[in-house]
């Protein structure tokens, strides 16, 4: 059945192109990316413990079919080809690399296929958007796999209770989706009310909530409440200006229904951004993460940043995190940026993220991305992992 669904999605543009364009419209877009990755490890104290070289070919097809003015069908297919030393990333429970990534980002329905799973080669294909949307007047109804984006802030989103994302996963611009029903009604200028329900069999995995957005003065506010994976949830956020700077924030309280299994948690973030007249852009923020793993299990190595269990109630491995970023167009075609996240905890965890982006020509971009993690021991700072990514992207 899954193979038939994938075939229909691939054939959909050709099938619909023969229809009457005056009565319906079809849009197809996407990209092809090739990304080289070098990972350097320093886990035992040496300067050159080990390294892995990986390659990723990433193809995305976005398809939107609008048979009428009010009805729209969207189906997006994401196919990735991994090759390199993938055996080093097998799970402790003997899961292969293909099995590990096949469990990522799937929701209620299993809309993915592992086409090849070897020690050095993995081919994985997934439908990460598949929904029907109806828009009529002030009403908007969407059913299927979609992104329910309730977050406001740039880096961390405590309000994103349906599909949280990680700042370190820079190659997934679209971000994960949920199999859900969402109903939204616009109630006025910059104001709306919406409810969303994620599909579930087990109530422990359910998520359903309501969101109210409204405007007051120069600020946009939102309030949400509901249930998310064994927690009663209450939260809110805002976005506006502080002088000439932008000010955003979010906060969410998670109250467990079964307190013996989980503790109450509170997450809050605030961010400030500013653009100078010379096009220099700066962004700074702070996260308070009451559900941090370091408080529960002692000092946690910064390497855990790439493997902790991500959710809206646990957005970072540490209780406190301070974020700063700057971006500057070096030339009209070359942009440079750098981000830093520091946690004032026992290990003084530090994450560095320099980026260079070059626009080669129309629809062609080159990115050079670095990710360096550091923490502090008795002998001083060390870096257990450094990663370098070289990415070529063609958009169509």
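The values are calculated or read from the model by the stated rules, or taken from the named source; none is laboratory data. The structure displayed is predicted, hence computed values, not measured ones. Here the Cβ positions follow ideal geometry from the backbone for every residue, glycine too, while neighbour counts run over all protein chains shown.
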Region 361-375: number of residues that are surrounded by fewer than 16 Cβ atoms within 10 Å (Cβ to Cβ) and touching a residue at least 24 places away in the same chain (Cβ under 8 Å): 3
Hits in region 189-214 (condition: in a strand (DSSP E or B) and either free of Cβ contacts under 8 Å to residues at least 12 places away in the same chain or over 19 Å from residue 152 (Cβ atoms) (or both)): 197, 198, 208
Restricting region 81-106 to residues that are under 14 Å from residue 121 (Cβ atoms) and surrounded by 19 or more Cβ atoms within 10 Å (Cβ to Cβ), the residue that is modelled with the lowest pLDDT: 86
